[in-house]
Each structure stands twice: as C-alpha cells, then as structure tokens.
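One structure is given here, and the rest of the page talks about it.
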Amino acid sequence: MQLRAIAFDHPDAVKLNDQVQLEYVERYGDGEGDVTPLEPSMFAPPSGLYLIAYDGDRPVATGGWRSQDANPLGYTDGDAELKRMYVVPEARGLGLARRILAALEADARDAGRVRMVLETGDMQPEALALYASSGYLACEKKFGHYREYDSSRCMAKLLSPS
C-alpha cells in the first residue's frame with residue numbers, strides 16, 4: 001500500500017468521498033450524508049493535506065486535515081481538523097486508517113499545528129475506537145457542522161513536537 005498526497009477534487013478522492021457519503025446515509029439514515037462544506041483549497045499544503053492509500057492503482061482509503069485558525073465557532077488558533085477518514089470495506093483491518101492518521105498528524109505537526117480535532121458520530125464505533133486508541137480525548141463540542149446533534153462526538157489530541 002502506498003500513501004499519496006492528492007487534491008481533494010481529484011477523481012479518486014471524489015470516488016472515495018461518494019462511497020463514504022453512502023456509508024453515512026446507511027449508518028445515520030438521513031438521506032444526505034455529511035453536508036459539511038469542504039473546498040479543495042482547504043486541503044492544500046501548507047494549510048492542509050489530503051491523502052489516499054493505493055493498493056496498486058486502486059484507491060482504498062483516504063483522510064485529510066485542514067487548518068482551523070481563529071474559527072468563529074471556537075477553534076483554538078493552531079488547530080488542525082481531521083476530515084474524511086475512510087477505508088473501503090474490503091481493505092478494512094489492514095491498519096490503513098491508523099497509518100493515514102499518523103501521517104496526517106505528522107504533517108499537521110510539521111506545519112505548526114498544535115492540536116488535531118475531529119467530529120464523528122456515535123454510529124461510527126470503529127472510528128471512535130481508532131481515535132481513542134490513538135490518544136484522542138472527548139472535548140467540548142465547539143466545532144464541526146453537526147456539533148449540536150446529540151449523536152455528534154468531538155475529540156482532540158495535542159500534537160507534541162517531533
């Protein structure tokens with residue numbers, strides 16, 4: 001498996017994003033998926049990064065981070081927000097999500113970010129377990145498109161200097 005930095009609007013990224021949206025609809029039953037506004041420029045270095053794991057030429061996992069400086073919703077200056085972590089079902093259990101997460105954390109730290117934050121939902125127990133086992137702790141719900149929903153879970157991790 002090879003990790004590659006890819007633009008958020010690259011066809012492979014769009015394909016995986018479409019797949020994760022279908023999974024959100026299945027898990028949450030709302031018919032919309034995640035409607036958080038995201039733009040490709042949000043993931044452009046040095047203010048972000050979007051990664052895809054490839055098995056040969058086949059995209060099988062994805063994840064990205066974007067800067068959250070002086071966000072009016074209450075982010076702390078220096079935060080990075082984790083977005084669109086996803087592994088296709090047939091590639092789960094291979095450690096790809098953990099590998100992508102570690103690469104994103106390292107890149108955000110190298111870009112001067114001090115904390116990684118994320119919002120996920122209670123219908124994603126695998127994600128919650130991954131983040132908890134990677135040192136993320138529950139935090140105040142002051143960010144994320146779905147922060148006012150009871151099912152929303154916000155977590156954060158300090159990015160220690162390398």
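The values are calculated or read from the model by the stated rules, or taken from the named source; none is laboratory data. Not measured: the values here are computed from a predicted model. Cβ sites come from the backbone with ideal geometry, for glycine too, and all protein chains shown count toward neighbours.
Can you give me the number of residues within segment 104-144 that are touching a Lys or Arg at 6+ places or on another chain (Cβ under 6 Å), of a type in the set (Ser, Thr, Tyr) and outside any loop (DSSP other than H, G, I, E, B)?
1
Restricting to segment 18-38, give me the number of residues that are within 16 Å of residue 120 (Cβ to Cβ) and not in a loop (DSSP other than H, G, I, E, B).
Initially, segment 18-38 is screened for residues within 16 Å of residue 120 (Cβ to Cβ), giving 20-21, 23-28, 30, 33-36, 38.
Restricting the remaining residues to those that are not in a loop (DSSP other than H, G, I, E, B) gives 20-21, 23-28.
Result for segment 18-38: 8.
Out of all the residues in segment 107-130, which are out of contact with any Phe, Trp or Tyr (no Cβ under 9 Å at 6 or more places or on another chain) and among the β-branched types (Val, Ile, Thr)?
Answer for segment 107-130, where residues must be out of contact with any Phe, Trp or Tyr (no Cβ under 9 Å at 6 or more places or on another chain) and among the β-branched types (Val, Ile, Thr): just 114.
Restricting to segment 41-64, give me the number of residues that are small (Gly, Ala, Ser) and more than 12 Å from the chain's Cα centre (by Cα).
Adding up the residues that qualify gives 5.
Mind checking which residues of segment 98-132 are buried (at least 16 other Cβ atoms within 10 Å of the Cβ) and among the charged types (D, E, K, R)?
99, 105, 107, 109, 113, 115, 119
Condition first: among the polar types (S, T, N, Q) and modelled with pLDDT of 95 or more. Now tell me which residues in segment 1-38 satisfy that.
The answer is 2, and nothing else.
So that you can scan it fast, the table gives a plain yes or no per residue for (1) surrounded by 13 or more Cβ atoms within 10 Å (Cβ to Cβ); (2) charged (D, E, K, R); (3) farther than 22 Å from residue 158 by Cβ:
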{"site": "10", "(1), (2), (3)": "yes, no, yes"}
{"site": "79", "(1), (2), (3)": "yes, yes, no"}
{"site": "82", "(1), (2), (3)": "yes, no, no"}
{"site": "85", "(1), (2), (3)": "yes, no, no"}
{"site": "96", "(1), (2), (3)": "yes, no, yes"}
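Being at pLDDT 85 or above and in a loop (DSSP other than H, G, I, E, B) is the filter here; which residues of segment 39-84 pass it?
Matches in segment 39-84: 39, 44, 45, 46, 47, 56, 57.
Quick one: in segment 112-162, which of the residues that are of a type in the set (Phe, Trp, Tyr) and under 21 Å from residue 48 (Cβ atoms) is modelled with the lowest pLDDT?
146
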